[in-house]
Amino acid sequence: MLYETLLSKLGSRMTLNFRPHHGQARYSPLGRYYDGPLDFRLGVRVGDEVRYLPFTREEPRFTEIEQHLTMTTVLYRATWREKGLRVEFEFLSPFYPQDEQLSTAPLLYLRVSLKPLKLYNAEPVEEAEVLVEMDWAAEQAGVTDLTTEVAEGELRRSFTVDLGKTEIATKAFFHQDLDPIPLQLRCQDILHASGPQVTSSAAGFRFQLRVDGEPGEIAWVSHTPDPILLVRGEATPFKYTQFFASADEVLNYALEQREEIFERTRFFDSLFTEASFTAAERDLHAFGFQSYLANTWWTLLPDQQDWYSVWEGCCLFHSTVDVEYNQAPFYLLFWPRLLELELDAWADYALPHPEVAGRFVSHDIGLRHEISGQTYAHPMEVEENTNYLLLLFSHWRVTADASVMERHWDLVHDLIAFLADADRSGNGFPEVGTANTIDDASPAVQFSRQQTYLAVKTASACQAAAVMAAHLDDEELKAQCDDLVQRLDRTLQEEAWLGDHYAVCIDKGLTRIDDPWNPDSEGTEYLDPEGRIHGWDAYSLYTSLGLLQLLMTDTELPLSDPSRLRADIVRVVQESRGPYGCFHSSEDHSNMWVSSNLHRDFVAAYLGLDLITPHSGLYWNFELHQNGPYGRGGCFTDSYGGNFLHYYPRGLTSLGMLTALGGITFDRVAGTVTLAPVRLPLRLPLVQVADWPARRVPWLYAEIGKHGADVEISSPDLFDAAGVEWV
C-alpha cells in the first residue's frame, strides 16, 4: 500500500512530502509548515497512452504501485502490465554521520529507470517517455517574485517567501493567535537533469529511456542565504551557508562529488538493510528518521558558532527536553556533538523556582522561528531535571569527554538541590514540580504527587550524578545523591510495590493539585468515593522509563530488586496493551505514544525480556494505518487515540534497537563493552566505534550455539583504537 512519507535534510529544512491520498506532494526549501502543494506529474508515456503516480490531479494513474524505504530513500515502483513495463522513481536524501557538509547540503536526487516485466501477453515495449514535471504553486500563501528560467537540462526558480503570510502563520495548528513572523527570505531552487534524450520545459523534464538502459537523474538543490532562525534576538542563517554561498555552489557539489555522496549514503543505509531487523523494523527506522530530519534546525550564530535545535513536530517547540531524551540513542550512537549543542542550550534556560531550592530545566527553549525561552504552558520541573542529568551523564560515558559535564557542574548541583527539596516528606519521592510531559494521560499518571515514574527517574538521575561526582571528586554531592537513592529505593520497595506491579503514585489523595490544564480545580472530580485519585494503583507504562541511559552504559541500577521491575513490565503489557501497543496505563485507554512503548521495550531488552519482536510490527501497522487512505496523515505520528502528535520527530527513538536487541552496553570512560542479546540469530553494526571517514564499522554476529550464544565480532582493531574491550 502507499502511505504518506517525506524526505528532508539535517538542519537545512529542505523537505519533500509525498501525499498520495491527496493527489499531491508538498515542497519547500524552508521545511514542513512553510511548504505548499505541488502537482507532481511522475509518469510514463507509451505512444498516446500515459500513466501517473498519485501525486497529481492528472489521470489515468498506475493501478499497481509499490513503495519502499531506506534510511535515505523513497522508491516508487509502478507496474504497467499491458506494456510489460516497470518504472522506478527513487528519491535520495543524502546523509552521513558526522559529515556536516554532506548531511546539511540542501540537496535531493531523483533517479528514474525502466525495467522489463516479462509477460507472455504484454506488448513488446523497448523504450518510453518518462515524465518528471510539476506545477509550482505560485499562488501559495507567502510566495512572491517567482521567476523561472529554462535551459537545456536545467530548471531554475527564484522566489521570495514572506514567513508572515505562510501557512504556519495563517493556520493555528497546535497554537492560537500567533503573531506574524517578520521575515522575508530569498530562495532559489535548481533542478539539473542528466541522462538519455532529456528535454526541459518550465514544468520540468522528459526522458526518453530504454528498458533496462541508462537511467535518468535529477539533482534538485535549494539555497536560502538570508537568516531564518532568531536565536536570543539574533537572526541566524542556515549552517550550510558556511559551505555553499549559492545554489550554484550546491549544484556543483552535487555533481562533482556525486560518487562520494552516493557511496557514503549507501554505506549508511547498509547499516540498517544488512542488520537482522524485520522488514517492519527497517521501515520504522527509516520513516521515523526522515520525520526527525524534517524537524531539525542547524544555523550559525553571529560568532560563527553552531546552533542546533529540533522542532517538536506539530507543536513547533524547539528542543523539548523530554522528546530529545527519547531520541538520545541516535545522538549517542551517531552524532554526540549534536547532543552537546543542546545540552549547552538547555543550560542557558534553567530557571529558579519560587518554592524549591536550586533550578529546573525548561521544557523547551522557543517556538516556531524564535529561541527565547520556554513557551509551553507549564514547566515539568522534576522530569526535565532528571532528563537533563541522564543525558549529560550518558554523553560523558559514551564519548569520555568530561568537558561538557564540567562546564555545567554548577547546574548539576542546582538540579540535584531541586530534586532533593522537591521531596517534602523525607521519603525521596518528589512532591513539588511533578506535573509531567505525559499531557494526554489520566490525572494520576500526568500530575499526581509522589509518582513512581518520577521517583525511579529521580533515583536514576541521582545515581548518574553520583558517578559524575565521584569522577570530579565532589564528595559532598556524591553523598547527597547516594542518600537520595537509598531513600527512594526503600520507599519504592516498601510503599509502591503492590505485589505484581508498582503503583502509579503513593500519594493516593490530592493534598496538593498541580493540574496545569485546570489550575483553579480542587481536583475532586479526579477522586473515587473513598477520596483516592482514580488510577493510583493502575499498571503504568512509565515506571521503567528512567533507566535506559544507565543500562546502555552498564551503570549499576538504583533499585535493590530488579526482578520486581521485570514483573511490573510483564504485567503492564498484559493489562494495558491495545491494537498498536500499550496505553499510558490500564486505567486510561484513550491515548498511547509509540515512542514511550519503544523506550519501554528497550529497557525490557536490557532486563532480558524481548518485547521488541512482538511489538515492532504493531507500531509500524499504526504508522501505515495513520498515513494510509483512512488515517489522519502526518508522517510519523506518535499518538494513537484522542491526541494527534504528527510530523513528529520522536520516531527516531526506534534507533535504540541497535543496542537493545543485543543488550549492548558501551562505556568509553571505563573502556568496556558487554553483550546480552535477546534475539538470536542477530547481526548488528557496532557504530559506537565506527571510523566514519574510512567507512569502517565492526559488526556483531550472534547465533545459537550448543552452550548459549556463539558470538563473532569483525574489525576488532576499531575497539582497540577506541580504547575499549569486551568483558
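The values are calculated or read from the model by the stated rules, or taken from the named source; none is laboratory data. None of these values were measured; they are calculated from a predicted model. Here Cβ is always computed from backbone atoms with ideal geometry, including for glycine, and neighbour counts include all displayed protein chains.
Below, the figures for the structure above:
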read-out	value
Flag for PHE244 being assigned by TED's automatic domain parsing to the domain that holds ALA350 and aromatic (Phe, Trp, Tyr)	no
Selection status of ALA105, farther than 30 Å from ARG337 by Cβ and small (Gly, Ala, Ser)	no
Residue list for segment 546-568, restricted to those being under 17 Å from GLN493 (Cα atoms) and either of a type in the set (Phe, Trp, Tyr) or within 24 Å of the chain's Cα centre (by Cα) (or both)	GLY546, LEU547
Exclusive hit being in contact with a Lys or Arg (Cβ under 7 Å, 6 or more places away or on another chain) and either crowded, with 24+ Cβ neighbours inside 10 Å or in a loop (DSSP other than H, G, I, E, B) (or both), set THR458, THR434	THR434
Some residue of segment 38-47 being surrounded by 22 or more Cβ atoms within 10 Å (Cβ to Cβ) and part of a helix (DSSP H, G or I)	no
Pick from segment 43-89, criterion more than 21 Å from HIS21 (Cβ to Cβ) and among the charged types (D, E, K, R), ranking: nearest to the chain's Cα centre (by Cα)	GLU88
Only listed residue being crowded, with 21+ Cβ neighbours inside 10 Å, touching a helix residue (DSSP H, G or I) at 6+ places or on another chain (Cβ under 8 Å) and either outside the structural domain of GLY288 (by TED's automatic domain parsing) or in contact (Cβ under 8 Å) with a residue 40 or more places away in the chain (or both), chosen from VAL724, VAL673	VAL673
Options LEU293, LEU332, LEU271, LEU316; residue that is touching a residue at least 40 places away in the same chain (Cβ under 8 Å), within 30 Å of VAL432 (Cβ to Cβ) and buried (at least 19 other Cβ atoms within 10 Å of the Cβ)	LEU316
Cβ pairs under 7 Å, 6+ apart, first in segment 471-495 and on the phi > 0 side of the Ramachandran plot, second surrounded by fewer than 20 Cβ atoms within 10 Å (Cβ to Cβ) and modelled with pLDDT of 95 or more	none
Top-ranked residue in segment 370-384 [being surrounded by 24 or more Cβ atoms within 10 Å (Cβ to Cβ) and under 30 Å from LEU300 (Cβ atoms); ranked as modelled with the highest pLDDT]	GLU384
Subset of segment 681-721 that is farther than 20 Å from VAL398 by Cβ and either in the same structural domain as THR659 (by TED's automatic domain parsing) or in contact (Cβ under 8 Å) with a residue 40 or more places away in the chain (or both) - its residue that is surrounded by the fewest Cβ atoms within 10 Å (Cβ to Cβ)	PRO681
Those residues of segment 406-426 which are closer than 17 Å to SER460 by Cβ and either crowded, with 22+ Cβ neighbours inside 10 Å or not hydrophobic (A, V, I, L, M, F, W, C) (or both), in sequence order	VAL412, LEU415, ILE416, PHE418, LEU419, ALA422, ASP423
Options TYR640, TYR647; residue that is assigned to a strand (DSSP E or B) and crowded, with 21+ Cβ neighbours inside 10 Å	TYR640
